[in-house]
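The structure under discussion appears below in the form of structure tokens.
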Amino acid sequence: MEQEYLSPTEAAKVLGISRQAVIERIKHGNLYAEKVGSRYIIPKNTLEAKGSSSVAESAGEGPSAKTGASKAEAIAGILEKVRKAEVTSIQLWFVDILGILKCISITPGELKDVLDHGKGFDGSSVTGFAEAQESDIIAMPDTSTFKILPWTKEGNLTARLFCDILNPDLSHYAGDPRYVLKRALARAKKLGFTFYVGPEIEYFYFRSDKSPEVIDEGSYFELIPNDLADTMRNKTVRMLEEMGIIMEAAHHEVAPSQHEIDPKYNDALTMADNVITSKYVIKEIAEQNGVYATFMPKPLFGVNGSGMHVHQSLFKEDRNMFFDKKDKHHLSSLAKEFIAGQLNHAREICSLTAQWVNSYKRLVPGYEAPVYISWAQRNRTALLRVPLYRPGNEKATRVELRCPDPSCNPYLAFAVMLAAGLEGIEKKYNLMAPVEPNLYHMAMEEREKRGVESLPGNLFEAILETEKSKFIREALGEHIFTRFLFNKKKEWEEYRIQITQHEIKKYLPLL
């Protein structure tokens, strides 16, 4: 019987993927094809065993793993929303390993094909993604994340979708931070847990990105009449709530021109998406008003820096597994093991929760930022705080980690935070006694007596701790582990050789 051949377009229909994905499979040796002139032809019998596979089945865990009718319904729903609202542009969002937001814009005419098959792009120019020889990767939209950007105007209405990053054969791409968090959440799910987080996102408004010139002299919770910052913050909250991101609070923070918004707690993957969205909207609304918003951890000398305290809890269905009514701290044994895991591995995860050179200018004594590895209930100088229990509010029992800052990659930060807590649970770590006295005022000898260690003093010290950590290597995967550390070492070396104005001012007249 004569062999029947298909063109790449025909093969794409059989496999349920895009023509470009077929070409990529051929190039990477994942699909057999013969070349006739400049064209590929694919033996039909090589596709028969693969015809039942779909993009959704290859996409793995999480909201994007919709198959059959459910995916078709989700796609149909998005297309209908785009048609009714007369959306003119759709942005495909994802982040690099440093957490910097990236975007590919497509038209409504392209949307159906992209929702079905993903959007191919060159990953070699994205930090920590593919090398030049392995650069072709695919952005696969997560249909559950479709939102219209409410500040965009009629006639130029824009929507966005977060994406998972896939290889040309539609397997998960190892350099995708979102997939790292999905893997961590799958580990928790095997133990029966859902990981919830609630971050407090702090930031500054400045006149421009050229110098840190404040726009107000307000202080904690202060309400200033006719205040531009208050107006911008309130508009930001409205925009986010229109996108389905509910806020628990928003207010002025301690430092001049410093503010905070607090998204309502959610599962960690949804929250990581929400953190990225919140930061983008904060910057967008600031720019519309002629000012600049920054998540730089310590832009001003002598005042508090910006943190992102993260409240965490583990649930089984609707039961908070951290709560125990009989315990004097109202903490279950599982919660104590989780806390012990994060304390034991605090130095190892620090380069992921405080990932920039500037992050360690914030983590110094005296400015409400944690320095010493301990836990407490009332003591806000501790690394980990357990807010006091209020009767009848068992679901609010949680653990607040205070070392993350808002410039971190939330997907990687939440992943290693969870991994550290699960290490404590799985290995039954013992929890040290709480330390309630102010640690900044405590003598070194007293801290040593209590067994209280310090967080890394700078990024390089944090890098070295991460580099020797087996559990972080496993949590991140070899690809991101290696490339993240390479990038951070490069950043440290660039910083180390700089000559600062402080050095010129202090040493030039003296030496």
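The values are calculated or read from the model by the stated rules, or taken from the named source; none is laboratory data. Bear in mind the structure is a predicted one, so any value in this text is a computation, not a measurement. Note: ideal-geometry Cβ built from the backbone for every residue, glycine included; neighbour counts use all protein chains shown.
Given the structure, is I497 β-branched (V, I, T) and surrounded by 16 or more Cβ atoms within 10 Å (Cβ to Cβ)?
For I497, the condition - β-branched (V, I, T) and surrounded by 16 or more Cβ atoms within 10 Å (Cβ to Cβ) - is not met.
Looking at K147, K182, which is the one that is under 16 Å from the mean Cα position of the chain (by Cα), of a type in the set (D, E, K, R) and either surrounded by 23 or more Cβ atoms within 10 Å (Cβ to Cβ) or closer than 24 Å to P406 by Cβ (or both)?
After applying the criteria, what remains is K182.
Which members of the range 480-511 meet the condition of being of a type in the set (S, T, N, Q) and part of a helix (DSSP H, G or I)?
The answer is T482, N487, Q501.
Out of everything in the range 150-179 that is surrounded by fewer than 22 Cβ atoms within 10 Å (Cβ to Cβ) and among the acidic types (D, E), what residue ends up being farthest from the chain's Cα centre (by Cα)?
Filtering the range 150-179 for residues that are surrounded by fewer than 22 Cβ atoms within 10 Å (Cβ to Cβ) and among the acidic types (D, E), the one farthest from the chain's Cα centre (by Cα) comes out as E154.
Quick one: A255 ticks every box in (1) over 30 Å from D122 (Cβ atoms); (2) touching a Lys or Arg at 6+ places or on another chain (Cβ under 8 Å) except a single one, so which number is it?
With respect to (1) over 30 Å from D122 (Cβ atoms); (2) touching a Lys or Arg at 6+ places or on another chain (Cβ under 8 Å), A255 is out only on (2).
Out of the residues in the range 232-283 meeting the condition of being crowded, with 19+ Cβ neighbours inside 10 Å and small (G, A, S), tell me which one is farthest from I100 (Cα to Cα).
A255
Pick from the range 190-220 the residues that are among the charged types (D, E, K, R) and touching a strand residue (DSSP E or B) at 6+ places or on another chain (Cβ under 9 Å): which of them is surrounded by the most Cβ atoms within 10 Å (Cβ to Cβ)?
E202
Can you confirm whether I41 is surrounded by 15 or more Cβ atoms within 10 Å (Cβ to Cβ), modelled with pLDDT of 75 or more and either basic (K, R) or touching a strand residue (DSSP E or B) at 6+ places or on another chain (Cβ under 8 Å) (or both)?
yes
Just one of the numbered conditions (1) in a helix (DSSP H, G or I); (2) under 20 Å from the mean Cα position of the chain (by Cα); (3) surrounded by 15 or more Cβ atoms within 10 Å (Cβ to Cβ) is not true of A229; which one?
So the condition that A229 fails would be (2).
Need at least 3 residues that are touching a helix residue (DSSP H, G or I) at 6+ places or on another chain (Cβ under 6 Å) per element, so show me which helices (runs of 4 or more DSSP H) inside the range 288-404 make the cut, counting only ones lying wholly within it.
Output list reads 333-344, 346-353.
Check off (1) surrounded by 20 or more Cβ atoms within 10 Å (Cβ to Cβ); (2) modelled with pLDDT of 95 or more for P370 and give me the number that stays unchecked.
If we test P370 against (1) surrounded by 20 or more Cβ atoms within 10 Å (Cβ to Cβ); (2) modelled with pLDDT of 95 or more, just (2) comes out false.
Tally time: how many residues in the range 69-86 are touching a helix residue (DSSP H, G or I) at 6+ places or on another chain (Cβ under 6 Å) and more than 14 Å from S144 (Cα to Cα)?
Qualifying residue count for the region: 1.
Which of the strands (runs of 3 or more DSSP E) found entirely inside the range 154-215 contain at least 2 residues meeting this: within 30 Å of V82 (Cβ to Cβ) and at pLDDT 90 or above?
Once the strands (runs of 3 or more DSSP E) in the range 154-215 are filtered for at least 2 residues that are within 30 Å of V82 (Cβ to Cβ) and at pLDDT 90 or above, what remains is 158-166.
Only residues that are of a type in the set (S, T, Y) and either in a helix (DSSP H, G or I) or surrounded by 24 or more Cβ atoms within 10 Å (Cβ to Cβ) (or both): list them for the range 405-422, please.
Listed by number, the list holds a single entry, Y411.
Among the residues of the range 77-88 satisfying the criterion of being outside any helix (DSSP H, G or I) and farther than 15 Å from L115 by Cβ, which is farthest from the chain's Cα centre (by Cα)?
The selected residue is E86.
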